[in-house]
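These notes concern the structure reproduced below.
The values are calculated or read from the model by the stated rules, or taken from the named source; none is laboratory data. Treat the numbers as computed from the prediction; the structure is a model and nothing was measured. Note: ideal-geometry Cβ built from the backbone for every residue, glycine included; neighbour counts use all protein chains shown.
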Amino acid sequence: MSKKILIVDDEPNIVMSLEYTFKKHKYDVFIARDGSEAIAILKAEVPDIILLDIMMPKVDGYQTLQFVKANEAYKEVKVIFLTAKNKNSDIEKGLAMGVNAYVTKPFSVKKLVKKVDALIN
Amino acid sequence: MNSYSVISIIILYLLVLFGIAYWAERKAKKRWVNNAYVYTLSLAVYCSAWTYYGSVGIAARSGVSFLTTYLGPIIAAPLWIVVLKKVIRISKQHKISSIADFISLRYGNNRFLGGLVTVVCVIGILPYISLQLKAVSETFSILTSTPLTASTSSVFTDTTFYVAILLATFVAFFGTRTVDAARRRQGIIFSVAVESILKLVFFLAIGIYVTFYLFDGTSDIFNKISKTDNFESLISLTSIEAGINWYFMIALSFFAIFLLPRQFQVSVIENVTEKHLKKAIWLFPLYLLLFNIFVIFIAWGGRLSLGNTVNPDYFTLLLPLKEQNTVLATLVFLGGFSAVISMVVVSTLALSTMLSNNLIIPYGFLDKFSRSHPERIDYYIKNIRRIAIFSLIVGAYLFYINFNIQLSLFSIGLISFVVIAQLAPSFFIGLFWNRGSARAAKLSIISGSLITTYTLILPFVLDSIFDNATYIENGPFGFGLLRPYQLFGIDFLTPVTHAFFWSMFFNILVYLAISLASVGNYRERNYAEMFVHSNAHYLQENAFVWKGEAYVQDIRNMLYTFLGRRKTDHALHQFFNKYDIPLTTERADARLINFSEKLLTGSLGGASSRILIASVIQEQPVSLVEVLEILEENKKAISSNKTLTQKSKELTKLTEELKKANHQLQLQDKLKDEFLDTVAHELKTPITAIRATSEVLKDNEDMPDSLQQEFLSNILHDSKRLSKLINNILDLEKLASGREIFDKKEHNLQKTIDRAVKGILPIAKEKQVRIKVSKEINIIKSRYDEDRMLQVFTNILSNAIKFVEKEKGEISIRYKRGTNAVLIQIEDNGKGIPKEDVPHIFDKFYQSKNQNLQKPVGSGFGLAISKHIVENHKGKIWVDEEVITGARFNIKLPCK
């Protein structure tokens, strides 16, 4: 059974590249343009991993992560922050909230795929 | 005129004065009562009946020499800024209540000296007061055409006696309201000021009457008088000797303006603030000049109309009476009466304070006081002063009845001046020379007074009262060199200047010689330093040097006896607070002792308070050297303290400024950090997309062509976005730093707007948005950089297109012309700007807090750039908050 990945970002061009890549690596890809869309999807699906942007309109990455961590159903879900924020304080904040990895923009798609694979298996 | 009507006028007039004084006491804190004009007018208490009547007499008898009495004060006035200011400052510091207090304190709070000065003043002034009473009774008799009766019948039928008693009552009522004699008496001073106006006005009235009504102006009088005998001698100084006399007379009145007890009272004790001196130094001389304008013409007019048979002192009354003008004569009488009242009132007030504080209390009542209750003491002190007031006035009256009738106003006045002048060396030299000693002061005053008695008072009394002139002509026991009017053969001076010269000569000689020869004790040197260096801040309470043992409780108990518990506790509490001394302190220091002395000084006089304080403390003598050393140390300590305070203040200020600057920097730093953060974030987003997309393209050669094309156009789009962003950032920084140079020229605004609309039209058409531009027939011209202004309009228009709904969107542009500005309004019917965003939309990178919005398309720089551009053109850009639907942008630009 293929793994499910949820990509949450408000930049359509980034999302498009990631979607193409992960689909090619046999993932079931779900797309959300912000936190609220992500939460809506989460209610129907429990992905194996979430790629989560932080700076988004409406519900941002931190809030989405909170939702995930607060719910027992998503205990096994891994989360990677994808963000332009690269200050130590931001990284620490994310790690403290229980994020599994932190990838700063701009990133290498290949490395991201490897990281996702490693986290899941 | 009927004597009863004159008496009723007198009584009415006195009642009015009482009323005025009472009113002024009630308004004691108001500006009406405490201003420089009242102060200056109160100084005019100098112009007594002697001025009012006597000047005319002198002018008629001996010409312009009457002027000397006024030239002295006029010369003295500019010096007030230095001398009087210093005296006032010292007096306020030490709560001095009279000239006797002042001199005695200067010489170490010397009881004997205070008493001596008091005696000299009483001897000098009592006849002077009686002279005023004489003027009242003589003018009364002239006005009512009744013969002088005082010396022949009972005092109880003499109007003057009753006037004297009424005046005493007035002084007793308004002068002894508080025990503290250093306190001001607004009631008396204000009534004196009013009297000063009245006497001047009435005197000018009679002057104008005589000069322009009885005669045809000044030249008419001059022409007529110049034809009489002896005229030359009246208007000129005929010899060197006359010049010397003239000079001495000026010196005499120069001293008088400082030293007369009444002048000291009004100019020092009743002074509200040193600032009033500034006005007084020109206004008071002006007053004196006004007073003297008509003197000479009245005198000449009187000589011409009345001849040499009547007393020229009363020309001012006799001239209108001769013309049957009783109204004017009555006014003149009231003017003279005013002069009398103010002089008598202030003189008695000053003398009674001196008598009580410097003679009666320190020499007689201290023991009794120490055993009484505070309320009783207040009562005693007030009564002593009241008795002194009545005794002085009754004494003056008796003096007048017994001796004065034969004497002219002028001679008695001058004798008074010479007697008072004996205080001059101790007063003036002591003020500026710290070596002047107490013994020197005592002996100089005594010797000067003795010489005055010998050369002036004695012969004067023998000659005018006992008609015995042999002693004057031949000298005592026929010893010619000792003839009182030509002592040691000096025969060219008038008796007054002669006495003045010799008494001053010996007075100053004794003062200087003894001061130089003897070393004063430490206490007097201590006060000498405080007086001479009164301006120095280091010489206040700290300057009092004292050594020995004293307990706060003893001093407190003593103060209880004299001031009462409440007042004492209040005063001591303030003192302890001021110097930050713990309230539980047992030992008293020099400051407290000095402070306590000052507390008592106001009511008891300096000498008494020193004696009282000395009785409860164990003082050890201090050597003179120690005094000087301590003062020097004080000076250094305080000046270094001052420097320290100054430095620490500067430091605090600097720290404060640094903190501020630091805070500012931090804020700027933070803003810059945030800015860089945002810039980085904004730049990273398209870069991330470009990188990811390129990577995908590179790694997936098998990708279908259509998808490849899509990915490539995405890269193109993000690259464009990136370069636009970079351009905007650079643009904004250029604008914000002011490095951008605008190419401002005169343009047609409508044309520019049309160009902007044309430029944006393709996007508008795409979204089917309508743009309406209002018609404005008149051409609006304005100076601006057209490319930049196009940027502004395009930015706002494209924002509007972005935020309106497809197909329904409408944008309208309107102009509103003012006189030298034009308002351009660009309004749309889109979703509008959330209220909380309105204040921030012109900030760079501002992103709406309203999370319901999609992330705004664009850089977030457009409005920030627009704002910079508009403001650089001296314009304004803002959005209206009250618009319910859509957004309305306003741009105001200067135009022609």
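Miscellaneous remarks
- Restricting region B:680-697 to residues that are closer than 16 Å to A:Glu19 by Cα and more than 7 Å from chain A (Cβ to nearest Cβ), the residue that is surrounded by the fewest Cβ atoms within 10 Å (Cβ to Cβ) is B:Ser694.
- Residues in region B:285-314 that are farther than 22 Å from B:Tyr46 by Cβ and among the β-branched types (Val, Ile, Thr): B:Thr309, B:Val310.
- Qualifying positions in region B:698-741 - surrounded by 14 or more Cβ atoms within 10 Å (Cβ to Cβ), among the basic types (Lys, Arg) and under 19 Å from A:Val15 (Cα atoms): B:Arg721
- Of all residues in region B:284-302, none that is without any contact (Cβ under 8 Å) to a residue 40 or more places away in the chain has its Cβ atom under 8 Å from the Cβ atom of a residue that is among the basic types (Lys, Arg) and surrounded by fewer than 22 Cβ atoms within 10 Å (Cβ to Cβ), 6 or more apart or on another chain.
- Scanning region A:75-87 for residues being buried (at least 17 other Cβ atoms within 10 Å of the Cβ) and not aliphatic (A, V, I, L, M) gives a total of 4.
- B:Glu656 meets all of the listed conditions (1) modelled with pLDDT of 75 or more; (2) more than 30 Å from B:Gly175 (Cβ to Cβ); (3) surrounded by 10 or more Cβ atoms within 10 Å (Cβ to Cβ); (4) touching a helix residue (DSSP H, G or I) at 6+ places or on another chain (Cβ under 8 Å) but one, namely (4).
- Hits in region B:780-795 - residues which are at pLDDT below 90 and of a type in the set (A, V, I, L, M): B:Ile780
- Looking across region B:14-59, just one residue is in contact with a Phe, Trp or Tyr (Cβ under 9 Å, 6 or more places away or on another chain) and among the basic types (Lys, Arg), and that is B:Lys27.
- Qualifying residues in region A:84-104 (those that are closer than 20 Å to A:Asp10 by Cα and within 13 Å of the chain's Cα centre (by Cα)) - the one farthest from the other protein chains (Cβ to nearest Cβ): A:Val99
- For B:Tyr380, the test of being assigned to a helix (DSSP H, G or I), in contact with a Ser or Thr (Cβ under 8 Å, 6 or more places away or on another chain) and more than 28 Å from B:Ser416 (Cα to Cα) is passed.
- Counting only helices (runs of 4 or more DSSP H) wholly contained in region B:254-354, the ones carrying 1 or more residues that are among the charged types (D, E, K, R) and over 25 Å from B:Val171 (Cβ atoms) occupy B:276-292, B:295-306, B:315-322.
- Any hit, region B:724-732, residues being closer than 24 Å to A:Leu112 by Cα, more than 9 Å from chain A (Cβ to nearest Cβ) and either assigned to a helix (DSSP H, G or I) or within 60 Å of the chain's Cα centre (by Cα) (or both): no
- Restricting attention to region B:699-713, the residues that are facing another protein chain (nearest Cβ under 10 Å) and either within 14 Å of A:Lys24 (Cβ to Cβ) or of a type in the set (Val, Ile, Thr) (or both) add up to 6.
- Flag for B:Thr144 being crowded, with 24+ Cβ neighbours inside 10 Å and more than 37 Å from the chain's Cα centre (by Cα): no
- Residue check for B:Gly57: crowded, with 17+ Cβ neighbours inside 10 Å and either on the phi > 0 side of the Ramachandran plot or part of a loop (DSSP other than H, G, I, E, B) (or both): no
- Test set (1) surrounded by fewer than 24 Cβ atoms within 10 Å (Cβ to Cβ); (2) farther than 16 Å from B:Val496 by Cβ; (3) in contact with a helix residue (DSSP H, G or I) (Cβ under 9 Å, 6 or more places away or on another chain) - B:Thr51 fails condition number: (1)
- Filtering region B:336-363 to residues that are surrounded by fewer than 24 Cβ atoms within 10 Å (Cβ to Cβ) and either of a type outside the set (Ser, Thr, Tyr) or touching a His at 6+ places or on another chain (Cβ under 7 Å) (or both) leaves B:Leu359, B:Ile360.
- Scanning region B:644-661 turns up no residue that is within 14 Å of chain A (Cβ to nearest Cβ) and over 21 Å from A:Ser108 (Cβ atoms).
- Tally of residues being in a helix (DSSP H, G or I), within 35 Å of the chain's Cα centre (by Cα) and at pLDDT below 75 across region B:538-562: 4
- B:Ile377 being modelled with pLDDT of 80 or more and of a type in the set (A, V, I, L, M, F, W, C): no
- Search result, residues across region B:108-135 that are in contact with an Asp or Glu (Cβ under 8 Å, 6 or more places away or on another chain) and at pLDDT 85 or above: B:Gly114
- Filtered residue count, region B:4-34, keeping only those that are among the polar types (S, T, N, Q) and surrounded by 15 or more Cβ atoms within 10 Å (Cβ to Cβ): 1
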